[in-house]
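**Q** Just dropping this structure here.
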Amino acid sequence: MEFKITVEELLKALSRAQGIAERKNTIPILANVLIEAKAADGLLRFTAFDLDIALVSEHPAEIIAEGAITLPAKLLFSLAKSLTGDTVHCKVSGTTAQMACGSAHCKIIGMPAEEYPTLPKDENVGLTRINGRVLQDLIAKTSFAISLDETRYVLNGLYFEAPKKGLMRAVSTDGHRLSLMTREIEDGEFQLNRGVIFPRKGLLELRRLIDEAPDAESFLGFTETSAIFKKSGLSMIMRLIDGQFPDYQEVIPQESAASGGIKLERKRFLEAIKFMTNFSDGRNSSIKLSLDKGLLKISANTDGSEGENELPVEYDGDRIEIGFNARYLIDALGALDQDDVIFELMDDQSPGVIRSSANKDFMAVIMPMRI
């Protein structure tokens with residue numbers, strides 16, 4: 001096996017692979033990237049697989065001799081980042097790769113390609129064209145509420161469903177907060193009989209791939225157990241979380257909020273809450289919100305220190321005093337990029353709801369705290 005590839009393409013391939021290849025896996029070869037050279041294609045195929053997520057990335061190269069080998073993904077990526085030349089020349093003999101770039105030379109010991117696990121099949125999967133920016137937006141607006149508690153594994157991912165033709169919805173919750181985003185799918189519909197749960201790691205890798213070129217033509221499809229994402233020169237298969245996502249509709253307040261909610265300048269509201277974290281309990285970042293006629297007061301205190309911030313609002317209802325985890329409010333407001341938000345409060349016992357004033361398809365529901 002022998003090939004030449006530009007440093008730029010090699011870095012692109014390895015930056016994709018190194019997030020999936022697992023150094024801590026009990027199967028050593030999964031820390032490697034599988035590299036396959038096919039002369040007829042004029043492409044090098046890089047594969048990373050951790051038994052849950054498989055990524056196959058194709059890159060133009062000069063194929064001098066066909067073959068395949070697996071090499072340590074992290075080491076290869078680190079070496080590639082330090083190269084100063086333009087082209088890497090690689091010769092493989094057995095499980096040893098000799099690499100040269102400019103004045104730099106190195107030898108890397110790999111493992112046989114034949115020992116690399118077989119990837120899951122993705123033939124005959126119905127794929128739907130999806131705008132990369134739509135998928136990017138769904139993930140960005142909801143992934144912050146994914147649970148990190150591994151004992152609640154069905155909450156360790158992002159729930160996707162197609163509520164009706166032409167729509168896709170993403171939902172996440174950790175039991176204390178919930179984020180929901182619905183977007184239109186212009187080019188078709190997903191053949192989903194039920195919702196599916198994307199695992200956190202796969203979701204983060206998917207987002208990185210989309211961020212490379214959000215406007216590139218992309219496709220998404222599902223089997224009973226996996227999600228398949230494809231775009232030019234790239235294919236990703238991830239195992240879905242097997243379980244029943246909770247009925248998220250139960251935690252969304254169904255009654256109208258006081259006076260229909262209050263309109264706030266998002267950036268100013270966010271900065272006021274961030275300032276108040278300097279005075280909140282470090283364990284749970286608790287702050288108090290007091291809503292009264294024409295005024296929203298944000299306050300916190302800990303160890304004798306206290307802070308307060310006031311924001312004028314259009315409100316003429318009864319006084320409401322309620323506590324929240326400041327971090328949850330910050331995450332929800334930070335996921336938005338609109339100028340204004342609608343903050344809905346029912347009473348001191350009910351969840352608070354944050355919506356975008358410009359986009360009614362986003363909602364963050366945050367459970368109150370005792371104050």
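**Q** Just to confirm my numbers, what's the Cα centroid distance between the stretch 285-316 and the stretch 40-74 in Å?
**A** What the calculation gives is 56 Å, centre to centre.
**Q** Taking the chain as a Gaussian network, Cα atoms linked when under 10 Å apart, which of 205, 22, 271 shows the biggest mean-square fluctuation?
**A** 271
**Q** Among 303, 281, 211, which one shows the biggest mean-square fluctuation in a GNM of the chain, springs joining Cα atoms closer than 10 Å?
**A** Taking springs between Cα atoms under 10 Å, the residue moving most is 303.
**Q** For residue 38, enumerate residues with amide H under 5 Å from its amide H, sequence gap 5+ or separate chain, H modeled in the peptide plane.
**A** Residues meeting the amide H criterion: 43, 45.
**Q** Can you give me the Kirkwood hydrodynamic radius for the stretch 2-115, using every pair of distinct Cα atoms, in Å to one decimal?
**A** Values: mean 1/r = 0.0723 Å⁻¹.
Value: 13.8 Å, from the Cα pair sum.
**Q** Three principal axis extents, largest first, for the C-alpha atoms of the stretch 59-138, in Å?
**A** Principal-axis extents of the stretch 59-138 (Cα, largest first): 46, 31, 24 Å.
**Q** Oh, and also: Evaluate the distance, in nm, between pseudo-label points positioned 7 Å from the Cα of residue 40 and of residue 217 along their respective Cα→Cβ axes.
**A** The modelled label-to-label distance comes out at 2.3 nm.
**Q** So, one more: Could I have the simple spin-label model distance between residue 66 and residue 86, label points 7 Å from Cα toward Cβ, reported in nm to one decimal?
**A** Each label point is offset 7 Å from its Cα along the Cβ direction, giving 3.0 nm.
**Q** If I build a Gaussian network model for the chain, linking alpha-carbon pairs within less than 10 angstrom, which residue out of 46, 279, 198 has the largest mean-square fluctuation?
**A** Judging by the Gaussian network model, the answer is 279.
**Q** Where Rh denotes the Kirkwood radius from the mean inverse Cα pair distance, what is Rg over Rh for the chain? Walk me through the numbers on the way to the answer.
**A** Values: Rg = 24.9 Å, Rh = 23.2 Å.
For the chain, the value is 1.07.
**Q** Still on this structure: Do the alpha carbons of any pairs in 263/293; 91/231; 74/121; 141/263; 4/201; 164/231 sit beyond 23 Å of each other, and which pairs?
**A** On the way: 263/293 14 Å; 91/231 30 Å; 74/121 26 Å; 141/263 20 Å; 4/201 32 Å; 164/231 25 Å.
Pairs exceeding 23 Å: 91/231; 74/121; 4/201; 164/231.
**Q** In units of 2.2 N^0.38 Å, what is the alpha-carbon radius of gyration of the stretch 108-208?
**A** Values: Rg = 16.4 Å, N = 101, 2.2 N^0.38 = 12.7 Å.
After normalising by residue count via 2.2 N^0.38 Å, the value is 1.29.
**Q** Also, I was wondering about something else. Once you put a point 7 Å from the Cα of residue 281 and another 7 Å from the Cα of residue 314, both along the Cβ direction, what distance in nm separates them?
**A** 3.6
**Q** Which ³J(HN,Hα) values, rounded to whole Hz and listed in residue order, are derived for the stretch 289-303 from phi using the Karplus coefficients 6.51, -1.76 and 1.60 in 6.51 cos²θ - 1.76 cosθ + 1.60 with θ = phi - 60°, glycine and proline given as x?
**A** Each residue of the stretch 289-303 in turn: 10, 10, 9, 9, 3, x, 8, 10, 9, 10, 9, 7, 7, 7, 6 Hz.
**Q** Based only on Cα atoms, what Rg/Rh ratio does the stretch 233-360 have, Rh being taken as Kirkwood's radius?
**A** Working: Rg = 17.2 Å, Rh = 16.2 Å.
Taking Rg over the Kirkwood Rh, I get 1.06.
**Q** Using modelled backbone amide H atoms (1.01 Å from N, in-plane), which distant-in-sequence or interchain residues come within less than 5 Å of residue 157's amide H?
**A** Excluding prolines and chain starts, which carry no amide H, the hits are 147.
**Q** Pull out the extension gain between residue 274 and residue 100, defined as 0.36 nm times the separation in residues minus the alpha carbon to alpha carbon distance; nm, one decimal. List each step's numbers first, then the result.
**A** Working: separation 174, 0.36 × 174 = 62.64 nm, distance 5.05 nm.
Fully extending the segment from residue 274 to residue 100 adds 57.6 nm.
Readers should treat all values here as calculations from the given coordinates under stated rules, not as data from a laboratory. On a predicted model such as this, the values are computed, not experimentally measured, just so you know. Reconstructed Cβ throughout: ideal geometry from the backbone, glycine too, with neighbour counts over all protein chains shown.
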